[in-house]
Amino acid sequence: MYEEFVTPCFVFDEAEFRRGVEAFGNALRQRFQRVAIGYSVKTNSLPYALKSARACGCRAEVVSHDEYQLARLCGYEPSEIIYNGPMKSKQTFLEAVEGGAIVNLETKRELQWLRELPAEGKYAVGIRLNINISHISPEDADGDDDNSRFGFSDESDEFECALRQIESMPNVSLSGLHIHRTAHSRSPRFYERSVAYAAQIIRKYKLTLDYLDVGGGYFGIFPNKPTFADYAEAFYRPLAEQGVANLMIIVEPGNALTASPFKFLSEVIDVKRVDERTRFVTTDGSRNDIDPFFHKSDYLKELLPTDDDREIEHCQIVSGCTCLEYDRLFALTDAPRLEPGDRILYNNVGAYTMTLSPQFIRLWPRVYAVNEQGEIKLVRRESSATDIIQYEQ
Ligand SMILES: *Cc1c(COP(=O)(O)O)cnc(C)c1O
């Protein structure tokens, strides 16, 4: 199938995407009556993927006014949006609250904006709770003060102060808590403890809520890793202990849903030898496409040579198309020699790749989708100089 694509390109596998959404939803429904999955737009904001997520029953989880507008343009009603983060605009914030979105307060200015809602209406908002991982689950913490910039803290007086302000508004009620925090371990233990902390806060302030939004940070479907059922169980146990397991549970998976449905395909454009030992293989892809933080040293890759009659080469360094000396993707040792025209397929590259790609040297690549019937469709053309020049005033 890969011969049909023009490189460089991403390929979005819709069946694989749906498989992830359904697996997470089914696991949560084993434990909770009401569940919602928010597709984390920042993780992959390809409009076609946002529309697919909506077709799979997801809400859009957005963290800026730009993402909010993008979700609206992709067909999401305000009531299908979860609005988080500090970068809300007043206009989209008020539209979202009035339109019945899940809106989790992150900043003090949002508390002020609530005062501009029509006095005669009835509105509900959630609030993000600040979490210091060292204090709630030291085994999952990065050092002994793994604090957070996000949410209102109950270790200072700010969480209580925000509650009091909401209570003072007759037309606004508090309907949920948001506790997104990502621990490196991604362990169910961490979620169990952060949900227990939320349950303790619910009890301390005698809150009557509609939902608990446990955020993102999960493993996808991977061998020998926690499953969606393990996470669902971790959310359920502490809530059941406190008698509040009737809350709607909201998850906001980014990586867990978007990594595996995307592949990246590049082609060898040149090979050169610089000494006895080393052969450089230049491709039309770049680390900027699939490793925007330049942290990875290898990939879930498949080599697709055009024939199988190749000598073994001791050392080949597969490199990108940019002029950065360090745009080197991986090394092959004692492997069949790569030649121009051969292709390289990188798996599991949908999370935090396309949204972090700079407009550096070679602009954004094409994106194809393969739908559930196996049909291939170009869903984003490659960007070009004409796209860049149109911002000129
Ligand atoms: C980034 C983010 C997510 C998604 O995180 P993953 O680690 O990709 O699952 C979910 N919710 C919020 C508020 C986020 O900022």
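The values are calculated or read from the model by the stated rules, or taken from the named source; none is laboratory data. None of these values were measured; they are calculated from a predicted model. Neighbour counts run over all protein chains shown; Cβ positions are idealised from the backbone, glycine included. Note: accessible area is taken over every heavy atom of the protein model, side chains too, but ligands, DNA and RNA are not part of it. Shrake-Rupley method; radii C 1.70, N 1.55, O 1.52, S 1.80 Å.
May I ask you to give the average projected area over all directions of the convex hull of the Cα atoms of the chain, in nm² rounded to one decimal? Before the final figure, lay out each step's value.
On the way: hull surface 90.8 nm².
Over every viewing direction, the Cα hull of the chain projects on average to 22.7 nm².
Here each label is just a point 7 Å from Cα along the line to Cβ, and for K377 and E241 those points are 4.8 nm apart.
Summing Lys, Arg as +1 and Asp, Glu as -1, what charge do residues with Cβ under 15 Å from the Cβ of H65 carry, H65 excluded? Please report the intermediate quantities before stating the final value.
Numbers: positive: K42, R72, K88, K90, R109; negative: E61, D66, E67, E95, E106, E110.
Counting the neighbours of H65, the net charge comes to -1.
For K263, the lysines whose Cα comes closer than 17 Å to its Cα, not counting residues fewer than 8 places off in the same chain, are K296, K301, K377. If you take every residue apart from N104 with its C-beta less than 11 Å away from the C-beta of N104, what net charge results, scoring Lys and Arg +1 and Asp and Glu -1? Counting the neighbours of N104, the net charge comes to -3.
Can you give me the Rg/Rh ratio for the range 81-143, using Cα atoms for both radii and the Kirkwood formula for Rh? Present the calculation step by step, with values, prior to reporting the outcome.
Values: Rg = 14.9 Å, Rh = 13.2 Å.
Result: Rg/Rh = 1.13.
Leaving out ligands and nucleic acids, note down the accessible area per residue over the chain with a 1.4 angstrom probe, in whole Å². Don't skip to the end; give the middle numbers.
Numbers: 18390 Å² over 393 residues.
Value for the chain: 47 Å² per residue.
Using the Kirkwood radius over C-alpha pairs as Rh, can you work out the diffusion coefficient of the range 218-289 via Stokes-Einstein at 37 °C, viscosity 0.692 mPa s, in µm² per second? Provide the component values of the computation, followed by the final result.
On the way: Rh = 16.8 Å.
Result for D is 195 µm²/s.
For the range 72-169, with all protein chains in place and a probe radius of 1.4 Å, 47% of the accessible heavy-atom surface sits on carbon or sulfur. Among the protein heavy atoms of the range 1-63, carbon and sulfur supply 43% of the accessible surface, probe 1.4 Å, non-protein parts ignored. Binning the alpha carbon pair distances of the range 1-69 at 5 angstrom intervals from zero yields the distribution 3, 14, 22, 20, 16, 13, 7, 3, 2, 0, expressed in whole percent. How large is Rg/Rh for the range 215-362, to two decimals, with Cα atoms and a Kirkwood Rh? With Rg and the Kirkwood Rh in hand, the quotient comes to 1.15. Using helices alone, what [θ] at 222 nm do you get for the chain, with -39,500 (n - 2.57) per DSSP H run of 4 or more residues, divided over all residues and rounded to the nearest 500? Estimated from H runs of four or more residues: -8000 deg cm²/dmol.
Every pair of different Cα atoms in the range 150-278 enters the Kirkwood calculation, which places the hydrodynamic radius at 17.6 Å.
Can you give the local net charge around G216? Use residues other than it whose beta-carbon is closer than 9 angstrom to its beta-carbon, Lys and Arg +1, Asp and Glu -1.
That works out to -2.
Across the range 50-100, the convex hull enclosing all Cα atoms gives 57 Å³ per residue. Approximating the spin labels as points 7 Å out from Cα along Cα→Cβ, the D308-to-R109 distance works out to 6.1 nm.
Candidate cross-link partners of K122 among the lysines, defined by an alpha-carbon separation under 27 Å and a same-chain spacing of 8 or more, comprise K88, K90, K108, K204, K206. For helix 188-204, report the angle its Cα long axis makes with the longest principal axis of the Cα atoms of the chain; keep it between 0 and 90° and round to the nearest 10°. Long axis of 188-204 versus the principal axis of the chain: about 20 degrees.
Please check which bits of the range 123-146 a label hung off N171 would reach, taking the label as a point 7 Å along Cα-to-C-beta and the cut-off as backbone N under 19 Å. Residues passing the 19 Å test: 123-126. Hey, how many Å between the Cα centroid of the range 1-76 and the Cα centroid of the range 265-326? Cα centroid of the range 1-76 versus Cα centroid of the range 265-326: 31 Å apart. Angle of helix 14-29 to the longest C-alpha principal axis of the chain, folded into 0 to 90 degrees and rounded to 10: 30°.
Extension gain for S89-E116 works out to 8.4 nm (0.36 nm per residue, less the C-alpha to C-alpha distance).
Please list, by residue number, everything in the range 319-360 whose backbone N is under 19 Å from a paramagnetic label point 7 Å out along Cα→Cβ of T282. Flagged as within label range: 319-332, 338-344, 360.
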